[in-house]
Each structure stands twice: as C-alpha cells, then as structure tokens.
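**Q** Structure provided below as structure tokens; questions to follow.
Computed from the coordinates by the stated procedures, all read-outs in this text should not be read as laboratory data. Predicted model only: the values in this text are computed from it and were never measured. Here the Cβ positions follow ideal geometry from the backbone for every residue, glycine too, while neighbour counts run over all protein chains shown.
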Amino acid sequence: MTLRFRSGQVKKLPRIFYVSRLPGRYRGITLPPFGIFIEKAHKDNKKLHIHELCHWRQFQEAGLVKTYIRYIWLWFKHGYRNHPLEIECREVARKSTQE
C-alpha cells in the first residue's frame, strides 16, 4: 500500500502499535525508526492514522535526525497548535477524509 501526499509518497509503511495510553493528551505519536503509536481507543480513527502517516512521510523526506531537530525547534518557536509540521498533517488528514 502506498499513500500519496502533496509532496510525495510514503515509501515504506511503518509498524503501527496500539497501546492503552500515550503521554499527555496525545492520541497518536510517530517515533521513527520504531513506528507509529496509537491509543487503542482510536484504532478506527482514519483521520488520526493519516495524520501520523503524514509525519512518517515528513521523516522519510528530510531524514531522521534533521526532522527531529526541526520538529523540536519549531515546537519551541510555535508551540504544538501552530507548529508548521502539525498544520500540514492536520490539513492532509482533513482533505483525505473528505474524499
């Protein structure tokens, strides 16, 4: 399965782990190179899966270290809600689930 996004494709799909609980208010977290972690209560949430796959694609395009550094720097600069990488993935998920 290959998912197409605005700026590219997911080359290799990650492992998805369904867990009882994630830290804080997160429902899903992408942690390359390990995979995507999603709370079991949101296992059927297509929008969340697409959002996390978008993050996986961001890591594939820019590389592991560069993306972690960029993500943390932008998080301090913009916070979570206005984080450019989060905004992109929210938009990708929104558009994908409208089709």
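**Q** May I ask you to order 51-58, 29-36, 76-83 by the average number of other C-beta atoms within 10 Å around their residues, highest value first?
**A** Most protected by this proxy first, the peptides run 51-58, 29-36, 76-83.
**Q** Given an 8 Å cut-off on Cα distances and at least 6 residues of separation, report the relative contact order of segment 16-99 as a percent.
**A** Rounded, it is 27 percent for segment 16-99.
**Q** For the chain, what is the convex hull (Cα atoms) projected area averaged across all directions, in square nanometres?
**A** 6.3 nm²
**Q** If I stretch the segment between PHE76 and VAL19 completely, what's the gain in nm (0.36 nm per residue apart, minus their alpha carbon distance), one decimal?
**A** 17.8 nm
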